[in-house]
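The values are calculated or read from the model by the stated rules, or taken from the named source; none is laboratory data. Given the structure is predicted, the values throughout are model-derived calculations rather than measurements. Here the Cβ is made from the backbone with ideal geometry for all residues, glycine too, and neighbour counts use every protein chain on show. The accessibility values were calculated without ligands, DNA or RNA, using every heavy atom of the protein model including side chains. Shrake-Rupley method; radii C 1.70, N 1.55, O 1.52, S 1.80 Å.
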Amino acid sequence: MPTAVLTDHERAAVQAYLRLLQTVRAAFDGPPDGRLPPVVPPAVLAEAERALAAAGLAGNEEAFFRLLQTWCPETAQA
């Protein structure tokens, strides 16, 4: 169980990242017919960017992934 206490903004950033990760995985798990490239909806990317900015983590991937590793270690390995 994580010991880090996240702020509301940090929690929102982690949740947005997890949604983005799930969306990307779903896009790549689609039919492998090769006709269409995997698509990630722009709204999902924008949500993650807004959440990172609100948490003060935009442009600081190292701090974000350190936070993610502490709070949700199994996801940080993805």
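Between the Cα long axis of helix 42-54 and the first principal axis of the chain there is an angle of about 10°, rounded to the nearest 10.
Rolling a 1.4 angstrom probe over the protein heavy atoms with all chains in place gives the chain an accessible area of 70 Å² per residue.
Based on Cα atoms of the chain, Rg over Rh with Rh as the Kirkwood radius reads 1.04. Split the accessible area of the chain by element, probe 1.4 Å, and carbon with sulfur accounts for 59%.
Extension gain for the segment Ala27 to Phe65, taken as residue separation times 0.36 nm less the Cα-Cα distance, is 11.4 nm to one decimal. Taking Cα centre as origin and charging only the Cβ of basic (Lys, Arg, +1) and acidic (Asp, Glu, -1) residues, the dipole magnitude of the chain rounds to 80 debye. Under the simplified labelling scheme, the Val39-Arg11 pair shows an inter-label distance of 3.4 nm, with each label point 7 Å from Cα along Cα→Cβ.
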